[in-house]
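Inspection log for the structure reproduced underneath, given as structure tokens.
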Ligand SMILES: *Cc1c(COP(=O)(O)O)cnc(C)c1O
């Protein structure tokens with residue numbers, strides 16, 4: 001393959017990505033793009049970023065050999081990239097820090113964010129406290145009801161949580177409201193977007209900040225496993241933890257890349273959140289073109305997943321492109337398979353994984369037995385599952 005170097009200057013990954021927004025947002029996005037281009041070439045920015053990742057987040061996150069589980073499966077060796085050990089419990093904090101440092105350079109004293117399950121809201125509230133910024137988090141009213149511990153966490157951290165009553169009162173509506181706030185308050189405000197989606201330059205910027213996951217893995221794997229992995233696997237909601245793992249491996253021949261979407265009740269049921277692997281068409285959502293779950297009239301459809309963090313009808317433009325060119329594969333794992341992997345990981349490795357990450361684990365556990373024992377699968381364990389215990393208990397008919 002030719003050396004991969006995308007997006008182009010206008011934020012296109014092949015036919016995907018770009019900037020599909022109202023005229024009123026163009027100036028804000030241009031300012032952001034120019035400022036990011038400036039810091040991208042400024043080594044002092046990346047020094048500062050790395051310093052924060054080391055001393056505040058606790059990076060590098062380790063690579064761990066899941067020996068007992070691998071042995072039980074009897075095939076390939078499974079390794080975890082332990083993003084669950086980061087401060088606030090997932091990969092998201094590294095992206096939030098990158099954007100907050102950029103906000104600080106731009107002199108913005110107010111940050112806003114959208115959140116679905118609340119994880120990105122917590123990461124944003126955390127960095128806002130860390131850097132002394134005012135913070136407003138937009139969250140669907142329906143999600144606020146379902147995710148009260150995270151709402152309280154954000155409040156403890158000093159953020160204002162703004163309920164969104166429009167549409168389905170979930171993540172996509174919160175994203176629309178956050179963009180509306182940004183247009184109105186662009187002089188004072190930086191919009192910290194939570195995944196590798198949205199209009200250019202967000203998908204590129206979020207990818208760059210989270211590429212630390214794959215960069216570290218590339219350094220650690222020879223030491224821990226004796227070589228680079230045969231396969232890297234990550235769950236895909238909007239696609240940020242997956243692209244963070246994949247990007248540094250794109251130009252490395254022989255490393256297979258697999259993104260795992262939420263199969264919900266099964267692809268055939270139509271009740272899932274798998275735009276890449278579930279046969280969806282292409283559309284525009286939140287300012288960019290990508291694969292998108294929509295009905296015959298082009299209306300975005302409701303998604304289903306046991307895991308709130310994967311419950312998004314769109315996906316980042318770069319994943320859409322990597323699918324088309326065949327550099328990455330995208331598959332679906334349903335709720336049941338994910339839950340089963342969740343419990344296996346608890347019992348066999350002493351690690352409670354996030355339900356999102358459990359989708360990637362389930363795929364690895366399914367495929368490992370078909371591979372030789374000297375093969376290596378690296379799973380991005382995107383987060384810890386403490387946040388999910390109420391969901392898992394509820395499914396078992398237990399009230400905590
Ligand atoms: C938010 C979240 C995800 C999904 O988001 P991506 O942008 O697709 O990475 C996955 N895992 C965890 C633990 C999360 O919190």
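FYI, it's all coordinate maths here, none of it is from the lab. This one's a predicted model, so the numbers in the text were calculated from it and none came from an experiment. Because the Cβ atoms are built from the backbone with ideal geometry, glycine has one as well, and the counts that use them run over all protein chains shown.
Residue ranges 31-43, 235-247 sort as 235-247, 31-43 when ordered by packing (mean number of other C-beta atoms within 10 Å per residue, highest first).
Estimated from the Cβ-Cβ distance and a Förster radius of 45 angstrom, the FRET efficiency linking residue 87 and residue 373 is about 0.80. Rounded to the nearest 10 degrees, the inclination of helix 23-40 to the longest alpha-carbon principal axis of the chain is 60 degrees. Inter-label distance, residue 30 to residue 215: 3.1 nm, where each label sits 7 Å from its Cα along the C-beta direction. For residue 396 and residue 129, the difference between the fully extended length at 0.36 nm per residue and the C-alpha to C-alpha distance is 92.4 nm. Take each peptide in 60-70, 214-224, 104-114, count the other Cβ atoms within 10 Å of every residue, and average; sorted highest first, the result is 104-114, 60-70, 214-224.
Calculated mean residue ellipticity at 222 nm for the chain: -12500 deg cm²/dmol, from DSSP H runs with n ≥ 4 weighted as -39500 (n - 2.57), summed, divided by the residue count and rounded to 500.
Reducing the range 113-167 and the range 59-89 to their Cα centroids gives an inter-centroid distance of 29 Å.
Relative to one another, the C-alpha centroids of the range 289-347 and the range 199-258 are positioned 18 Å apart. With respect to the chain, whose longest principal axis is taken over its alpha-carbon atoms, helix 92-105 is tilted by about 30°. Rounded, prolate or oblate: pick one for the range 346-397, where a ≥ b ≥ c are the square roots of the eigenvalues of its C-alpha gyration tensor, a/c under 1.5 means rounded, and failing that, prolate if a/b is larger than b/c, else oblate. It is prolate, given that a/c is not under 1.5 and a/b is the larger ratio. I need the shape label for the range 127-188. Rule: rounded when a/c is under 1.5, else prolate if a/b > b/c, else oblate, with a, b, c from the alpha carbon gyration tensor. Since a/c reaches 1.5 but b/c is at least a/b, the shape of the range 127-188 is classed as oblate. FRET efficiency for the residue 346 to residue 251 pair, using the beta carbon distance and R₀ = 41 Å, is estimated at 0.70.
Given axes a ≥ b ≥ c from the Cα gyration tensor, I'd like to know whether the chain is rounded (a/c under 1.5), prolate (a/b larger than b/c) or oblate.
Rounded shape, in that the Cα axes give a/c under 1.5.
Full extension of the chain between residue 329 and residue 265 gives 21.0 nm of extra length, using 0.36 nm per residue less the Cα-Cα distance.
Computed extension length for residue 44-residue 20: 5.4 nm, one decimal, from 0.36 nm per residue of separation with the Cα-Cα distance subtracted. Spin-label model, residue 2 to residue 184: label points 7 Å out along the Cα-to-beta-carbon direction sit 4.6 nm apart.
Mean sequence separation of contacting Cα pairs (under 8 Å, at least six apart), scaled by the length of the range 319-400, corresponds to a relative contact order of 25 percent.
With a Förster radius of 60 Å applied to the C-beta separation of residue 10 and residue 145, the computed FRET efficiency comes to 0.90. If one takes the longest principal axis of the Cα atoms in the chain, at what angle in degrees, from 0 to 90 and to the nearest 10, does the Cα axis of helix 171-184 lie? The angle comes out at about 30 degrees.
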